[in-house]
Structure formats: structure tokens, C-alpha cells
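J.: One structure coming up, written as C-alpha cells, with questions to follow.
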Amino acid sequence: MVNWGAVIIGFVLSVILSWLLGIFGGWGVYLGLFIAGLIVGLMVGDGALNGAWNAAIAGAFGGIVVAVLIVIGGTLFAGAAGFLAGLATGIVLVIVSIIQSLILMGIGGAIGGAVKGS
């Protein structure tokens, strides 16, 4: 079952931690996603599968929100051409973001859920 409170907090944490730890290079962003997933897993508990599920949803939510913002920004700045460019970029970004979040936040959530569930 999805704990929407934990998912929203995980989304916000993934943005903040990825931004803060991004100063250390590419691995800092991934570490931020992992830590956010770990926190979501600790919040929801109920085992590794539930922690991974909620953390992955938080990451996917983040990717979708960023894609929508890119489409809106492209439309505002360049009209129809910006909409099409933003849409193409957004689709690619959502696919890559979902894969990254499923792996990084899912593993962190699984560890957090397993620790809290035991």
C-alpha cells in the first residue's frame, strides 16, 4: 500500500539531497537519491518490498514533475516549438528518471523497510 505522506516527503528529500550532495559530482546526486529512498523505507517500514515500492513511487513522481515543468517552460519561452522540444525532452527524462529511481531509491527503500520491519 502506498503511504502518500512518505512519498511526498521522499520526493522533496530527493530533490533537496540530490541538489545538496550534487556539489560532490555525479555520485553525490545518486547518493542523495539513495538516502532519500532509505528515509522513505524507514518511514513506511513493513519490510523491504513495501519500502522499495514507496521509494520508487517517490522517485517516479519526481521525474514526472520535472518533465511537466520542462514542457511548461519550453512552451512559455518558445511557443509551439518549445512545447515539442520540451515534450521530447520530458519523455526521455521520465524514462531515465524512473529507471534511476527504481534502482537507487528502490534499493535504499528496501534497506530502510527491512531495517524498520525487523
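J.: Stretched out fully, how many nm does the piece from residue 2 to residue 115 gain, at 0.36 nm a residue minus the Cα gap?
T.: 38.8 nm
J.: Suppose all protein chains stay in the model; what accessible area per residue would a 1.4 Å probe give for the chain, in Å²?
T.: Result: 54 Å² of accessible area for each residue.
J.: Mean residue ellipticity at 222 nm from the helices of the chain, using -39,500 (n - 2.57) per DSSP H segment of n ≥ 4 over the full residue count, to the nearest 500 deg cm²/dmol?
T.: Mean residue ellipticity, 222 nm, calculated: -33000 deg cm²/dmol.
J.: While we're looking at this one, here's another question. From a point 7 Å beyond the Cα of residue 27 in the direction of its Cβ, which residues of segment 94-112 have a backbone N at a distance under 17 Å?
T.: 104
J.: Within the accessible area of the chain, what % is carbon and sulfur when the probe is 1.4 Å and the other protein chains stay in place?
T.: 84 percent
J.: Can I ask one more? Find how much the distance from residue 20 to residue 89 grows on full extension, using 0.36 nm per residue of separation minus their present alpha carbon separation; answer in nm with one decimal.
T.: That works out to 22.4 nm of additional length.
J.: Relative contact order (percent) for the chain, with alpha-carbon contacts under 8 angstrom and 6 or more residues of separation?
T.: 36 percent
J.: (i) 14.2; (ii) 17.2; (iii) 16.6: which one is Kirkwood radius over Cα pairs in Å as calculated from this entry?
T.: This structure yields the entry labelled (i).
J.: Something else: Sticking with the crude label model, points 7 Å out along Cα→Cβ, report the distance from residue 76 to residue 9 in nm, one decimal please.
T.: Going by the 7 Å Cα→Cβ label model, 3.1 nm.
J.: Could you tell me the center-to-center distance, by alpha carbons, between segment 15-66 and segment 87-118 in angstrom?
T.: Rounded to whole Å, the Cα centres lie 7 Å apart.
J.: Using the beta-carbon distance between residue 49 and residue 103 and R0 = 22 Å, what value does 1/(1 + (r/R0)^6) give for FRET efficiency, to the nearest 0.05?
T.: 0.90
The values are calculated or read from the model by the stated rules, or taken from the named source; none is laboratory data. This is a predicted model, so every value here is computed, not measured. All Cβ positions, glycine included, derive from the backbone under ideal geometry; neighbour counts span all protein chains shown. Heavy atoms of the whole protein, side chains included, go into the accessibility calculation; ligands, DNA and RNA do not. Shrake-Rupley method; radii C 1.70, N 1.55, O 1.52, S 1.80 Å.
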